[in-house]
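These notes are about the structure you will find just below.
The values are calculated or read from the model by the stated rules, or taken from the named source; none is laboratory data. Everything numeric in this text was worked out from a predicted model, so none of it was measured. Here Cβ is always computed from backbone atoms with ideal geometry, including for glycine, and neighbour counts include all displayed protein chains. The accessibility values were calculated without ligands, DNA or RNA, using every heavy atom of the protein model including side chains. Shrake-Rupley method; radii C 1.70, N 1.55, O 1.52, S 1.80 Å.
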Amino acid sequence: MAKKDQKRAMRRKVGDVLRIPLGNGENGFGRVLPSVLVAFYDAKSPPDLSIDEIVDRAILFKVWVMDYAIKKGVWQVIGNVPPTEDLLVEPWFFKKDPISEVLTLYRDSTGEEVPAKRSDCEKLEYAAVWDPEHVADRLRDHFAGRPNMWVESMRP
């Protein structure tokens, strides 16, 4: 890796397009959003895809990801495309109290937390910061058409 690339891997910049190794020569893709949020695309290689082809694909999910995935170069930055306004809309997440099992909706930037019903939470992501290995598992499972154990364990 060239020195310039090493420095690039140490920064986290909104719009960075990420290559996520999935094993067997396959890669998934994501894009850095504000805070520790990353959007993941319904795209994998091979075949080789251009940056434009990647960011034109549908978003599978947006979750918070441990910073080291990017800052330590676990995921390679392959380009930068400033996100559109719709991609920058902060999603709601849900929380579940481990004792009472009370559900709430949560927005990170404001710290806002409001009571919720199970039906309010079913299509939302659980408020958790993901390890890069678990994201790779989730992408592999998506492309294989099977449920993901991490997602299933965090159902409302």
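Here are a few things to note about the model shown:
- Residue ID - surrounded by the most Cβ atoms within 10 Å (Cβ to Cβ), chosen from residues in the range 17-70 that are at pLDDT below 95 and of a type in the set (D, E, K, R): Asp67
- Pair list, Cβ < 7 Å and 6+ apart or interchain, from the range 44-72 residues that are at positive phi to residues that are open to solvent by 80 Å² or more (accessible area, probe 1.4 Å): none
- In this structure, Arg118 does not qualify as of a type in the set (D, E, K, R) and within 21 Å of Ser45 (Cα to Cα).
- Pro115 open to solvent by 80 Å² or more (accessible area, probe 1.4 Å) and of a type outside the set (D, E, K, R): yes
- Failed condition for Glu90, given (1) out of contact with any Phe, Trp or Tyr (no Cβ under 9 Å at 6 or more places or on another chain); (2) farther than 25 Å from Arg155 by Cα; (3) among the acidic types (Asp, Glu): (2)
- Members of the range 118-140 found to be more than 30 Å from Glu26 (Cβ to Cβ) and either without any contact (Cβ under 8 Å) to a residue 12 or more places away in the chain or open to solvent by less than 30 Å² (accessible area, probe 1.4 Å) (or both), listed by number: Ser119, Cys121
- Every condition in (1) open to solvent by less than 20 Å² (accessible area, probe 1.4 Å); (2) over 12 Å from the mean Cα position of the chain (by Cα); (3) within 24 Å of Leu124 (Cβ to Cβ) is met by Leu105 except one, and the failing one is (1).
- Yes/no for Glu85 being surrounded by 14 or more Cβ atoms within 10 Å (Cβ to Cβ), free of Cβ contacts under 8 Å to residues at least 60 places away in the same chain and more than 27 Å from Arg155 (Cβ to Cβ): no
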